[in-house]
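Below is one structure, written out as structure tokens; the observations come after it.
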Amino acid sequence: MILVGDDPASKVYVNNKKKACEYIGIKSFEYLLPAETSETELLELIDRLNSDPEVSGILCQLPLPGHIDETVVINAIAPSKDVDAFHPVNVGKIMTGDYDFVPCTPAGVMELIKESGVDVEGKECVVVGRSNIVGKPMAMLLLHKNGTVTICHSRTANLAEKTKNADVLVAAVGIPNFIKGDMIKPGAVVIDVGINRVAPKKLVGDVEFETAEKVAAAITPVPGGVGPMTIAMLMKNTVKAAVKQNECE
Ligand code: NAD
């Protein structure tokens, strides 16, 4: 795990991932680098980790400081160790459906859906948000399960009309309490990916839970919903990477 700089939220995420590794018996190595680390220095470290047989998975916590190009860094991680599934090779594999690693947050959402006994086949699935790490891969995974998928974003016209049509609604917007109960179809399954800090010790999602839970058949809480699933899926990808790398030897 590489963390550049001291963003407090990133520190919490890295710490939670470290605890999960300890819990399941994965050895984790932390590289806590100062904010002024150069792109070259970071790339050198990634290069070393890429060729270190002791390392099965590499995670570089985003966001990176402004002087470092995130795309260059993501592209530098060996696809076989890219347990976040951000490398273009792994992104491309998600498009075709022939993938080793699934990005952790969308994978966690799919796991929640599956474990709740919800079948998305033939259902109207609406994803609000089109980021590369959540919205887009989320839409692909729902499509692979034969959902009829609509992706909404900041320029979508008549958003509520689209969300009210959703049997399965995934919110990944980053705006506190953005989706209200009256934007949800009665009986819908609502997955809230958002993590928004509204006070020093208060996190809320992108869905207004109080109004939404009255309408939805099932809804995930924040905190305690998608967040822990994301970490669980990271562990799964890391185990997969280790198994795959050892098979090849
Ligand atoms: P992002 O900022 O990259 O993307 C947000 C998306 O929301 C954009 O695609 C944008 O088009 C859309 N959007 C913005 N305003 C909108 C509007 N008014 N109407 C409709 N769409 C709008 O964010 P992200 O990285 O995808 O993360 C989204 C949220 O999920 C954040 O709260 C983030 O903290 C959270 N997140 C949670 C986890 C987890 O493990 N639970 C993981 C990653 C991100």
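Once you have a ≥ b ≥ c as the square roots of the Cα gyration tensor eigenvalues for the range 1-75, tell me rounded if a/c is under 1.5, and otherwise prolate or oblate according to whether a/b is larger than b/c.
oblate
Hey, got the dipole for the chain? About the Cα centre, +1 on K and R Cβ, -1 on D and E Cβ, debye to the nearest 20?
For this selection, approximately 740 debye.
At 1.4 Å probe radius, can you tell me the per residue accessible area of the chain in Å²?
Normalised by residue count, the accessible surface of the chain is 51 Å².
Can you send over the solvent-accessible area of S56, 1.4 Å probe, protein chains only, in Å² to the nearest 10?
Per-residue accessible area (S56): approximately 30 Å².
Tell me whether the chain comes out rounded, prolate or oblate; compute the Cα gyration tensor, take square roots of the eigenvalues as a ≥ b ≥ c, and use a/c under 1.5 as the rounded threshold.
Cα axes put the chain in the prolate bin.
Counting Lys +1, Arg +1, Asp -1, Glu -1, what net charge surrounds I77 among other residues with beta carbon under 11 Å of its beta carbon?
Around I77, the charge tally is -2.
Summarise the accessible area of the range 1-136 (1.4 Å probe, protein heavy atoms) by the percent that is carbon and sulfur.
With neighbouring chains kept in place, the figure for the range 1-136 is 53 percent.
Would you mind calculating the gained length between E161 and E121 on full extension (0.36 nm times residue separation, minus the Cα-Cα distance), in nm to one decimal?
So the extension gain works out to 12.3 nm.
Among bridges DSSP assigns within the chain, what percent are antiparallel (round to 5)?
Among the beta bridges of the chain, antiparallel pairing accounts for roughly 15 percent.
Suppose accessible area is computed on protein heavy atoms with a 1.4 Å probe; arrange K201, K214, K240, K27 from highest to lowest.
Ranked list, largest accessible area first: K201, K214, K27, K240.
Please say if the range 21-131 is rounded, prolate or oblate, where rounded means a/c under 1.5 for a ≥ b ≥ c the square roots of the C-alpha gyration tensor eigenvalues, and otherwise the choice is prolate for a/b larger than b/c and oblate otherwise?
Taking the square roots of the gyration eigenvalues as a ≥ b ≥ c, the range 21-131 is prolate.
Sum up the lysine pairs in the range 1-119 that clear both bars: alpha-carbon distance under 29 Å and a spacing of 8 or more or different chains.
Value for the range 1-119: 19.
Which whole-number percent is the relative contact order of the chain (Cα, under 8 Å, 6+ apart)?
It comes to 16 percent, rounded to a whole number.
If each residue of separation counts as 0.36 nm, what is the full-extension length gain between E39 and V243 once their alpha-carbon separation is subtracted?
That works out to 70.4 nm of additional length.
Excluding V204 itself, calculate the net charge of residues whose Cβ lies under 15 Å from the Cβ of V204, where each Lys or Arg counts +1 and each Asp or Glu counts -1.
My count for the surroundings of V204 gives -1.
When the dipole is taken about the Cα centre of the range 84-185, and only Lys, Arg (+1) and Asp, Glu (-1) are charged at their Cβ, what size is it in debye, to the nearest 20?
380 debye
The values are calculated or read from the model by the stated rules, or taken from the named source; none is laboratory data. Here the structure is a predicted model, which is why all the values come from computation and not from measurement. All Cβ positions, even for glycine, are placed from backbone atoms using ideal geometry, and neighbour counts span all protein chains on display. In case anyone asks, the SASA skips ligands and DNA or RNA and just uses the protein heavy atoms, side chains included. Shrake-Rupley method; radii C 1.70, N 1.55, O 1.52, S 1.80 Å.
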